[in-house]
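Have a look at the structure below before the remarks.
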Amino acid sequence: MVTKAAGPRDRLLDAAQDLFYAQGPGVGVDAILKHADVARRSLYVHFGDKDGLVTAVLQRAVEEDIAWYEAALAKATDPRDRLLGVFDQLDDLVSTKTFRGCRYFATDLAFSEPDHPAHAETTAFRRRLQEILVRELEGLGHPDPPRAAEQLHLLIEGTLVRGATGDARHPGREARELAAVVLDQA
């Protein structure tokens, strides 16, 4: 949500984050500037260009999303319940009317150039989430945390994609059942 009290840099970040999520990261600069109520010069002063703004929005999103996953894990103390609880939280998230899908997946699709700076941020997010999953699986005593983390990560991304399509009623619940099979290998 863009607020007038914020400075131009923060208004640009807020506006871009709102519009990228609602319309995709390919949204035009003019729409961002209008939504932020700032002059074009502010974009160039604070971010260099749209790619710099995209990168800054993703860096902010990574921190927000990692905090979301950590908060979801913190709702339980038992290692198995912590990990399964993530899928409960994902199901709640994807069931909202405002859910539009995974911003990292959308970003990867929007910028097909392999060297676009946005890809470094989407990769950083996935790496950090993978590290969290490995940490939790180690706490559970899983025999193969890296492999199990890959499996859980796949279930997480599948939940986000299925939630965005609206085809599945509760994809987080379905993914949770599969996640339990992965965790029960411990």
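Where the centroid of each part is defined by its Cα atoms, how far is the stretch 135-186 from the stretch 99-123 in Å?
22
Amide H neighbours of Gly26 under 5 Å, counting only residues 5+ apart in sequence or on other chains, H built in-plane at 1.01 Å?
none
With a cut-off of 8 Å between alpha carbons and a minimum separation of six or more residues, what is the relative contact order of the chain in percent? Don't jump to the answer; show the numbers that get you there.
On the way: 201 pairs, mean separation 39.3, N = 186.
For the chain, the relative contact order is 21 percent.
Compare Val181, Val62 by solvent-accessible area with a 1.4 Å probe and give them largest first, with all protein chains kept in place.
Numbers: Val181 95, Val62 5 Å².
So, going from the largest accessible area down, we get Val181, Val62.
State to the nearest 20 debye the size of the charge dipole of the stretch 48-186 about its Cα centre, where the only charges are +1 on K and R beta carbons and -1 on D and E beta carbons.
On the way: 17 positive and 25 negative charges, 64 e Å.
Value, rounded to 20: 300 debye.
Which percent of the accessible area of the stretch 45-186 is formed by carbon and sulfur heavy atoms (probe 1.4 angstrom)?
On the way: 3850 of 7290 Å².
The C+S portion of the solvent-accessible surface of the stretch 45-186 is 53 percent.
Where does each of Thr159, Thr77, Thr96, Thr55 land when they are ordered by accessible area, with a 1.4 Å probe and the largest first?
On the way: Thr159 0, Thr77 130, Thr96 65, Thr55 25 Å².
Accessible-area ranking of Thr159, Thr77, Thr96, Thr55, largest first: Thr77, Thr96, Thr55, Thr159.
Hydropathy first: keep DSSP H helices in the chain averaging at least -1.0 on Kyte-Doolittle, then drop any whose Cα extent along the axis falls short of 15 Å, and list what survives.
On the way: long enough: 8-23 (21 Å, -0.61); 50-73 (34 Å, 0.20); 79-94 (23 Å, -0.13); 117-140 (35 Å, -0.42); 145-165 (30 Å, 0.06); 171-183 (18 Å, 0.26).
Counting only whole DSSP H runs, the qualifying helices are 8-23, 50-73, 79-94, 117-140, 145-165, 171-183.
Show Ser95, Ser42 ordered by accessible area, largest first, where the area counts protein heavy atoms only and the probe is 1.4 Å. Numbers along the way, then the final one.
Details: Ser95 60, Ser42 25 Å².
Largest to smallest exposure gives the sequence Ser95, Ser42.
What does the charge add up to near Arg128, with Lys and Arg as +1, Asp and Glu as -1, over the other residues with Cβ less than 15 Å from its Cβ?
Details: positive: Arg60, Arg103, Arg126, Arg127, Arg135; negative: Glu63, Glu64, Asp65, Glu70, Glu121, Glu131, Glu136, Glu150, Glu157.
Its environment carries a net charge of -4.
So with the 1.4 Å probe, I'd like the accessible area per residue for the stretch 40-174, rounded to whole Å². Before the final figure, lay out each step's value.
On the way: 7020 Å² over 135 residues.
Roughly 52 Å² per residue, with all protein chains present.
The values are calculated or read from the model by the stated rules, or taken from the named source; none is laboratory data. Computed from a predicted model, the values in this text were never measured in an experiment. Cβ: placed from backbone, ideal geometry, glycine included. Neighbour counts: every protein chain shown. All accessible areas refer to the heavy atoms of the entire protein, side chains included, with ligands and DNA or RNA removed. Shrake-Rupley method; radii C 1.70, N 1.55, O 1.52, S 1.80 Å.
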